[in-house]
Amino acid sequence: MKLLIRLVIFLLVCACLAFFGYAYLINHQVAERFKERLWDVPAKVYARPMTLYPGLQLSAKSLGQELDLLGYRRVETQEQLSVPGTYTRYHGRFVLNCRPFDFGAQRRPLRRTELTISGSRITRLKTGLKTGQRNADMEQLDPVLIGQFYPSSMEDRILLDTEDIPALLKKTIVTVEDKNFYSHYGIDFKSIFRAIVVNIRQGRFTQGASTLTQQLAKNFFLSPEKTLKRKLSEAFVAAAIERQFTKEEILEAYINEVYLGQDGARAIHGFGLGAQFYFGKSLGLLSPRETALLVGILKGPSVYNPRVHPDRAMARRNTVLGLMADQGLISSTQLTKSLGRPLGVIPVPRQWRFPFYLDLVKRRLLKEYREKDLKTMGLRIFTPLDPLVQLAAEKGVADFMAGKNSKLQAGVVVAAGATNEIQAMVGGKQPKYKGFNRALDAKRPIGSLVKPAVYLSALERPENYTLVTRINDGPVSLKSGGRLWKPMNFDKKFHGELPLYQALVHSYNTSTVRLGMDLGLDTVFATMAQLGFKPAAPLVPAMLLGSFEMTPVQVAQVYHTLASGGFYTPSRVINVVYTPDGETLQRYPLRIEQHLDPGAVFLVNKTLQAVVRQGTGKSLSRWLSPDLGIAGKTGTTNDLRDTWFAGFSGNRLAVVWVGRDDNKSTGLTGASGAMQVFGRIMAQIPNTPLVLTPPENIEWAVINPETGLRTNNNAPGALAVPFIRGSAPGVPDPAAEVEPPTPAAPGPDKQPVQKKKPRYLIDWLKDVFK
């Protein structure tokens, strides 16, 4: 008997040691788990926020597009307008109930904004609280969410702190899910006993008695299976959580953790995201009936999905409303009013897909962050992507491709002229589907896009070359790689001697090759490197006609240096990165370096304007007014395999490539292919005229175009030509007439004698060489 008693005692001691040992182990695991980041939160990537101000060039249609991208809903009544993220519109007058947004550096509160658009410009702007609006100099809308970098679990959530959680939500959750929450220690034994009785009667596990703490324990540490072993582990974990954390901390974690639905592959977790997903508003703005629906969904997000099963969801919501009224959380009046209201669920918010731009953002981020951090740390990344420009780029490609060869593909980059911020990117003709990103990865010969570098190299040597220096466009043959290379012009003709500027305007090949070889390949491609791209060695003559390969984004960098007057600015795709708490993690400031002589770049850009007005780009006038003064260059490669166009206005630059992935002929030239896409894109977005200001080292002289010598205004065919200072011809044309003396001052009844004005260098583009 004594032996038996000792055995029992021994077994009890062992059981106690095992119990307390297991409890200690669980307690340690819980402590360690909660020391870490509890949730993997995806990084969110935002477009630029639209800034509104009086005088902004903006059409009512474009503002409507932006609001649609933001998920704002157009409503008809003032009562409906009380919901954040709604607006009314009457012709050009908009009233917006702007959502609050945390920009990191500042928080924009809930506010109402009124504006009037007339003649595609904002003429009036008022903003502020509903009761105290005032005229405003500026208003900033919340930015469009353009993508996220998800963890492997594909869980998404908006994390909330205790102070961000409405008291009504907390009380409702406790009322519905765990009414003894504040009195138990993680385990509700009465509920467990009740569940055991029910399960014995049913002969299987049909009812649980999990507290909120146990549900949290299951989600963090355990599997969802209903077994006795798992339930025992759940009890231990729940008890450990209760020992280490306050009830408010546990409730906060529960509110951030719970599963509330599915959006495709994305799992909706937490009430913060649930409020946005179902009602398009922040948690603090939910009404009692909306709170009741979200809490009701907890019982079964699929079963009570309000979009799929509205009747079930309505019944469940009303049940929760009844419980809320029983506990005094809402009044009987609120109950009656809420029971009579519809669910009020919005359509599934569209997740705008700009995969090619997101690909670019991710590549830049991965140079500085681990991929795991991008998918788990909840970073908030603000980019310069302009959704309206992006949609215009996608539409420009789609409209051009309609009815064309199905094998054609395209790559597009659009950047801001002042900052080289990339505002849009299209990597293929199916822009919503991630795939081969041609804007970043399609390395193709650039053809005549290289020619401005050749002529810039010449014009940087004003002692030898000016715009009117005569160069030879005759036949040329060169030995290259052991073979004789004989380039031809596109029109299969030779044009003899002609002014340098005309060779670039008409994109003649043989004169370009002659000029490049006279300068030297090293010289030309040193200039190309200063523009922003250094081709790989060895250098060969065919490279003067663009036989080397570049991607559209690389071409955009080169042409931006031209557009900025010779100042190099690296392309920017990220403005700032914030932590979830709003702390600045990293900013990406503007960097500018002077790489080239502004005077020489000015001369090239003037000639590129002439390319569009009268040269290979003249058909662009079908899409864009000549008054914009667009500067640009076409490019076509052998057998019409690749078509290019790079061009810029006063505020924007775009590069377009059109070709085939199999490298076969497109049957198109730069003018009939890529330039037509460029025109379609730029015609849809605001552009300012390109007005080129002469640098200090530019001077003007009147020249006889036949001789290239200085003449006077009255000489036949006289042209006003810009030169790098000191390079204008000093020798007068022997055939020039003597400048007549200045007439005497006119009498009171006489008009002053008007001097005859010379024609400008490109007489069909008077505003180019002014």
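Okay, here's what the table says:
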quantity	calculated
Of residues in region 601-621 being over 29 Å from R725 (Cβ atoms) and part of a loop (DSSP other than H, G, I, E, B), the one nearest to the chain's Cα centre (by Cα)	G617
Residues of region 313-370 that turn out to be farther than 30 Å from K434 by Cβ and aliphatic (A, V, I, L, M), as a count	13
Residue within region 583-600 that is in a helix (DSSP H, G or I), aromatic (F, W, Y) and open to solvent by less than 50 Å² (accessible area, probe 1.4 Å) present	no
Filter result for M517 (open to solvent by less than 30 Å² (accessible area, probe 1.4 Å), in the same structural domain as I471 (by TED's automatic domain parsing) and in a helix (DSSP H, G or I))	no
Breaking point among (1) of a type outside the set (G, A, S); (2) in contact with a strand residue (DSSP E or B) (Cβ under 6 Å, 6 or more places away or on another chain); (3) under 17 Å from G615 (Cβ atoms); (4) part of a loop (DSSP other than H, G, I, E, B), for P462	(3)
Flag for S120 being under 25 Å from K299 (Cβ atoms) and among the polar types (S, T, N, Q)	no
Search result, residues across region 316-329 that are free of Cβ contacts under 8 Å to residues at least 60 places away in the same chain and closer than 14 Å to E290 by Cα	R316, R317, N318, T319, L321, G322
Within region 56-75, considering residues that are open to solvent by 40 Å² or more (accessible area, probe 1.4 Å) and at pLDDT 90 or above, the one farthest from R243 (Cα to Cα)	Q57
Which listed residue is under 22 Å from P445 (Cβ atoms) and surrounded by fewer than 20 Cβ atoms within 10 Å (Cβ to Cβ), from P580, P570, P552, P538	P538
Hey, A265 at pLDDT below 90, open to solvent by 10 Å² or more (accessible area, probe 1.4 Å), of a type in the set (A, V, I, L, M, F, W, C) and in the same structural domain as T333 (by TED's automatic domain parsing) or not	yes
Single residue of V450, V468 found to be within 30 Å of A728 (Cα to Cα), surrounded by 22 or more Cβ atoms within 10 Å (Cβ to Cβ) and modelled with pLDDT under 95	V468
Selection from region 555-567 of residues that are small (G, A, S) and surrounded by fewer than 19 Cβ atoms within 10 Å (Cβ to Cβ)	G565
Qualifying residue in region 86-104 (condition: open to solvent by 80 Å² or more (accessible area, probe 1.4 Å), within 30 Å of I381 (Cα to Cα), touching a Leu at 6+ places or on another chain (Cβ under 9 Å) and at pLDDT 90 or above)	no
Every pair of residues 6+ apart whose Cβ atoms lie under 6 Å, when the first sits in region 517-532 and is farther than 18 Å from Y568 by Cβ while the second is open to solvent by 30 Å² or more (accessible area, probe 1.4 Å) and not in a helix (DSSP H, G or I)	L521/L539
Residue list for region 337-358, filter: under 15 Å from R289 (Cα atoms) and either in a helix (DSSP H, G or I) or among the polar types (S, T, N, Q) (or both)	K337, S338, L339
Which listed residue, of L335, L260, is open to solvent by less than 10 Å² (accessible area, probe 1.4 Å), assigned by TED's automatic domain parsing to the domain that holds F181 and free of Cβ contacts under 8 Å to residues at least 60 places away in the same chain	L260
Members of region 489-499 found to be under 42 Å from the mean Cα position of the chain (by Cα) and either surrounded by 21 or more Cβ atoms within 10 Å (Cβ to Cβ) or over 18 Å from P452 (Cα atoms) (or both), listed by number	D491
Filtered residue count, region 394-427, keeping only those that are part of a loop (DSSP other than H, G, I, E, B), touching a residue at least 60 places away in the same chain (Cβ under 8 Å) and open to solvent by 40 Å² or more (accessible area, probe 1.4 Å)	3
Matching residues in region 309-336 - criterion: being aliphatic (A, V, I, L, M), over 13 Å from V176 (Cα atoms) and not in a helix (DSSP H, G or I)	I330
Residue ID - modelled with the lowest pLDDT, chosen from residues in region 110-134 that are within 25 Å of the chain's Cα centre (by Cα) and in a loop (DSSP other than H, G, I, E, B)	L110
Those residues of region 372-388 which are touching a Lys or Arg at 6+ places or on another chain (Cβ under 8 Å) and in a helix (DSSP H, G or I), in sequence order	L374, T376
Which numbered condition L624 fails, given (1) open to solvent by 20 Å² or more (accessible area, probe 1.4 Å); (2) out of contact with any strand residue (DSSP E or B) (no Cβ under 7 Å at 6 or more places or on another chain); (3) in a loop (DSSP other than H, G, I, E, B)	(1)
Residue in region 684-725 that is farthest from F648 (Cα to Cα), counting only those that are open to solvent by 50 Å² or more (accessible area, probe 1.4 Å), touching a strand residue (DSSP E or B) at 6+ places or on another chain (Cβ under 9 Å) and not in a loop (DSSP other than H, G, I, E, B)	R710
Residue that is in contact (Cβ under 8 Å) with a residue 60 or more places away in the chain and of a type in the set (S, T, Y), where the choices are T116, T88, T123	T123
Filter result (part of a loop (DSSP other than H, G, I, E, B) and out of contact with any helix residue (DSSP H, G or I) (no Cβ under 9 Å at 6 or more places or on another chain)) within region 555-582	N575, T579, P580, D581, G582
Residue satisfying all of: in region 135-157; open to solvent by 20 Å² or more (accessible area, probe 1.4 Å) and closer than 30 Å to T688 by Cβ; farthest from the chain's Cα centre (by Cα) among these	N135
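Residue by residue, here is whether (1) modelled with pLDDT of 65 or more; (2) under 19 Å from E249 (Cα atoms); (3) open to solvent by less than 50 Å² (accessible area, probe 1.4 Å); (4) in a loop (DSSP other than H, G, I, E, B) holds:
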position	(1), (2), (3), (4)
L159	yes, yes, no, yes
K171	yes, yes, no, no
I196	no, no, no, no
K226	no, no, no, yes
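The values are calculated or read from the model by the stated rules, or taken from the named source; none is laboratory data. Quantities reported herein were computed from a predicted structural model and do not represent experimental measurements. Don't worry about glycine lacking a Cβ; one is built from the backbone with ideal geometry, like all the others, and counts go over all protein chains shown. In case anyone asks, the SASA skips ligands and DNA or RNA and just uses the protein heavy atoms, side chains included. Shrake-Rupley method; radii C 1.70, N 1.55, O 1.52, S 1.80 Å.
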